[in-house]
1. Within region 136-148, is there a residue that is in a loop (DSSP other than H, G, I, E, B), at pLDDT 90 or above and within 22 Å of Leu184 (Cβ to Cβ)?
2. From the list Lys90, Lys43, exactly one residue is surrounded by 20 or more Cβ atoms within 10 Å (Cβ to Cβ) and of a type in the set (Lys, Arg). Which is it?
3. How about region 56-85: which of its residues are assigned to a loop (DSSP other than H, G, I, E, B), touching a residue at least 12 places away in the same chain (Cβ under 8 Å) and either on the phi > 0 side of the Ramachandran plot or over 18 Å from the mean Cα position of the chain (by Cα) (or both)?
4. What residue, among those in region 95-114 that are open to solvent by less than 20 Å² (accessible area, probe 1.4 Å) and in contact with a Ser or Thr (Cβ under 8 Å, 6 or more places away or on another chain), is nearest to Ile140 (Cα to Cα)?
5. For region 103-119, which positions are without any contact (Cβ under 8 Å) to a residue 40 or more places away in the chain and among the β-branched types (Val, Ile, Thr)?
6. Which residue, of Arg174, Arg137, Arg128, Arg199, is charged (D, E, K, R) and over 30 Å from Lys101 (Cα atoms)?
7. Among the residues of region 165-180, which ones are hydrophobic (A, V, I, L, M, F, W, C), over 12 Å from Pro223 (Cα atoms) and open to solvent by 30 Å² or more (accessible area, probe 1.4 Å)?
Amino acid sequence: MAAPISIRNVSRRFGDNWALRPVDLEIAAGEFIALVGPSGCGKTTLLRIVADLQDPTSGEVRIGEDSAAEARRKRLLGLVSQRPAVLPWKRAIDDVRFTQKIAGRVGFDPAKVLAEFGLAGHENKRARELSGGMLQRVNIASAMAHDPSVLLMDEPFAALDEMKREEIGEWFDRELSVRPKTVLFVTHHIDEAVMLADRLLVFSPAPGRVIEVVSVSVPVPRPRNHAFRQDPRFVAIAAHVRGLLMHQATA
């Protein structure tokens, strides 16, 4: 079951340099939040704090009733990185089972999840036998297999070509309608963020701060199909976000 996330006055400083200015945000259970902004603006830092991989300088994160550390210990989090974290000597289904073993919890049947992810007939293939898109599906299946409440995703589609990136993104959005999760999603790709997210957190250049929270789901709920990319509302929202970032870059 998806869990809400509460980010309260969270900041991070390295020595005298601020990587992330204080952030306050309430994320509803099942909501998809995209973090967009230039490199070095604190997006991944915030993601790592929520994942309990980095301590904040100030503030706290709550995932449901738990702290970030408690949520990590309870295996309530699933982490998806830019490069598929698959083991080259293992079959796809073994990668999924390995995550369940580490988590100590079998949430979903691995074969069923892989089949639902379009990988029926590929369960016994190893990494070298799978395309980039297939590998990333295995990566996401592994992160979701123990049924975490929250998915934390750091540029998960960046290694894919543009067409495959769009295809996988739309597929992932449909999967979330079947298996709802609260998602925190880091990306540099504005169109991708507008296509997938309920809300976008737009960050300033370093030292990172949130300059605006942009809603997408109010005009267009998820999941969204490819036609939304031609919708005037999509074009307007993407242009607004680009304008915010361009203004910050030239300020």
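1. Keep residues of region 136-148 that are in a loop (DSSP other than H, G, I, E, B), which gives 145-148.
Next, only the ones that are at pLDDT 90 or above stay: 148.
In the following step, the residues that additionally are within 22 Å of Leu184 (Cβ to Cβ) were identified as 148.
Checked against the condition, which is being in a loop (DSSP other than H, G, I, E, B), at pLDDT 90 or above and within 22 Å of Leu184 (Cβ to Cβ), region 136-148 yields at least one hit.
2. Working: Lys90 fails: surrounded by 20 or more Cβ atoms within 10 Å (Cβ to Cβ).
Selected residue: Lys43, the only one of Lys90, Lys43 that is surrounded by 20 or more Cβ atoms within 10 Å (Cβ to Cβ) and of a type in the set (Lys, Arg).
3. Step one: filter region 56-85 for residues assigned to a loop (DSSP other than H, G, I, E, B), giving 56-57, 64-65, 74-76, 81-85.
Subset that is touching a residue at least 12 places away in the same chain (Cβ under 8 Å): 56-57, 64, 75-76, 81-85.
Selection gives Pro56, Thr57, Gly64, Arg75.
4. Val96
5. Val113
6. Numbers: Arg174 fails: over 30 Å from Lys101 (Cα atoms); Arg137 fails: over 30 Å from Lys101 (Cα atoms); Arg128 fails: over 30 Å from Lys101 (Cα atoms).
Selected residue: Arg199, the only one of Arg174, Arg137, Arg128, Arg199 that is charged (D, E, K, R) and over 30 Å from Lys101 (Cα atoms).
7. Within region 165-180, the subset hydrophobic (A, V, I, L, M, F, W, C) is 168, 171-172, 176, 178.
This time we only want the ones that are over 12 Å from Pro223 (Cα atoms), so: 168.
Within region 165-180, none qualify.
Residue-wise test of (1) modelled with pLDDT of 85 or more; (2) in contact with a helix residue (DSSP H, G or I) (Cβ under 7 Å, 6 or more places away or on another chain); (3) farther than 28 Å from Gly64 by Cβ; (4) among the aromatic types (Phe, Trp, Tyr).
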{"site": "Asp95", "(1), (2), (3), (4)": "yes, yes, no, no"}
{"site": "Pro110", "(1), (2), (3), (4)": "yes, yes, no, no"}
{"site": "Arg128", "(1), (2), (3), (4)": "yes, no, yes, no"}
{"site": "Gly133", "(1), (2), (3), (4)": "no, yes, yes, no"}
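The values are calculated or read from the model by the stated rules, or taken from the named source; none is laboratory data. Source: prediction; values computed, not measured. Cβ: placed from backbone, ideal geometry, glycine included. Neighbour counts: every protein chain shown. What goes into the accessible areas is simple: the full protein's heavy atoms, side chains included, and nothing from ligands, DNA or RNA. Shrake-Rupley method; radii C 1.70, N 1.55, O 1.52, S 1.80 Å.
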